[in-house]
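Structure, as structure tokens:
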Amino acid sequence: MENDTLRPVAPARPVAPYIGGKKHLAERLAACIAAVPHDSYVEPFVGMGGVFLRRRRAPKLEVINDISGDVATFFRILQRHYVPFMDMLRWQVAGRREFERLLASDPTTLTDLERAARFLYLQRAAYGGKVAGRSFGVSPGASSRFDVTRLAKLLDDLHERLAGVVIECLPYAEVIARYDRPGTLFYLDPPYHGSETDYGAGVFAAADFRRLAGQLAGINGRFILSINDTPEMRSTFAAFDQETVELTYSVNGASPQRVSELIVCSAGLPAEHAAPKGLFD
């Protein structure tokens, strides 16, 4: 069904890996999101925008949020100060020593431009898109992971895509409360159950899953949430519609591994707009 509340937008690629980035599921989630009528779209856990950027249709109001000051600063700088940011990146040296120097620096002591450049460099150069416990990654036979000549087109596309987008740096509960109203669609990608500390200490705790479920039960808008499929998550979000998605991952040449993702939707979402059986096949 065509959703006439949305306008076409050009999809873009995330400019750096980010743990939990939904690479294997993003296109299908984007199709599900586009099928739900909405005039406002909000992501309380945007990360590097793995789902946000792959959408091909969008309402006039889009809000991306992340509790990480690094993430929010990066998107704001790329949106508002693109030219000086690119000028700064051109002088960035790629190498382990530079990685370790930037990793040891306190981002709160840097200018916003410096902080955004530091974050992008560390995410591009770190192994596995890690946020906490980063280590320098090298791929044998491949060029440096931080190459401005290869990054320029990705950053330009992202800059264009961010035009008009509201960027927040708030706790998830606050951004949900602030933007909740009829017509709002939230896409939520919280940390995986059992991996809450992957984004740093104190960012998200196991108890937050129940807090989040309780808040979503009372919103005026609608939501789609993705999380790893565990008995605890099925129980926590039992009040809502659920569907299991089977995915195959292969990391660094290892044998493919089958995993399950749980897609949770607002209870009562019209069947033709929810994640129908077969959408994720």
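Each value in this text was obtained by applying a stated rule to the coordinates, not by laboratory testing. Since we're looking at a predicted model, the values are computed, not measured. In this analysis, Cβ positions are derived from the backbone assuming ideal geometry, glycine residues included, and neighbour counts consider all displayed protein chains.
For this structure, a couple of remarks:
- The protection proxy used here, the mean number of other Cβ atoms lying within 10 Å of each residue, ranks peptides 112-123, 5-16, 200-211 as follows, highest first: 112-123, 5-16, 200-211.
- Prolate/oblate/rounded call for the stretch 20-100, Cα gyration tensor, a/c under 1.5 rounded: prolate
- The stretch 151-201 shape via C-alpha gyration tensor axes, a/c threshold 1.5: oblate
- Taking packing as the residue-averaged number of other Cβ atoms within 10 angstrom, the listed peptides 259-265, 186-192 run from highest to lowest as 186-192, 259-265.
- Peptides 160-170, 71-81 ranked from most to least packed, by the mean per-residue count of other Cβ atoms within 10 Å: 71-81, 160-170.
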